[in-house]
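K.L.:
The structure follows.
Throughout, read-outs are computed from the coordinates displayed, never taken from laboratory work. If you're wondering where the values come from, they're calculated on a predicted model, not measured in any experiment. Positions of Cβ are generated from backbone atoms using ideal geometry, with glycine treated the same way; all protein chains shown enter the neighbour counts.
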Amino acid sequence: MRGFLTRRIRVARPCLKEARTAAQALGIKLQVLEARTSGELEERFKALARERPGALRVEGDRLFLHNRERIMDFAAKQRLPVVPTHPNWSRRAG
């Protein structure tokens, strides 16, 4: 299973469609999680911890960019590889 974190499922349709097609071709379940505010991230983290995907793709969105340290801290604790789609993801906040 692979996780896909998005802010809005409707907006992410092209990327999500591509991810679903690839997952289906590989026989992998895709867990799609929508978080519209930073307050919703904690609930999405709980869902990820329950389901234990093998990796997490994070949509290139300002919400996730501003919360990247929080997302990476969670991922590190869960030993969850993260695949960010934003080019500035690796830059430190601040």
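K.L.:
Scan around Arg7 for amide H atoms under 5 Å from its own, H built in the peptide plane at 1.01 Å from N, and keep only partners 5 or more places away or cross-chain.
P.N.:
Here Ala35 satisfy the definition.
K.L.:
Treat the count of other C-beta atoms within 10 Å as a stand-in for reagent exposure and order Leu30, Leu56 from fewest to most.
P.N.:
Ordered by Cβ neighbours within 10 Å, fewest first: Leu30, Leu56.
K.L.:
Mind listing the long-range amide H neighbours of Leu30? Cut-off is under 5 Å, sequence gap 5 or more, other chains count too, H placed in the peptide plane at 1.01 Å from N.
P.N.:
Arg2
K.L.:
Okay, moving on. Please list, in chain and number order, the residues 5+ apart from Ala55 or on another chain whose amide H is under 5 Å from its amide H, with Hs placed from the backbone.
P.N.:
Here the answer is Gly3, since their amide H atoms fall under 5 Å of that of Ala55.
K.L.:
Based on other C-beta atoms within 10 Å, arrange Val83, Val32, Val58 from fewest to most.
P.N.:
Val83, Val32, Val58
K.L.:
Continuing with this model, one more query. Provide the percentage of antiparallel DSSP beta bridges, counting only those with both residues in the stretch 2-84; round to the nearest 5.
P.N.:
So the antiparallel bridges in the stretch 2-84 amount to around 0 percent.
K.L.:
Got a sec? How would Met1, Met72 order by Cβ neighbour count within 10 Å, fewest to most?
P.N.:
Placing the least packed residue first, the sequence is Met1, Met72.
K.L.:
When all alpha-carbon pairs of the chain are counted, what percent fall beyond 23 Å?
P.N.:
17
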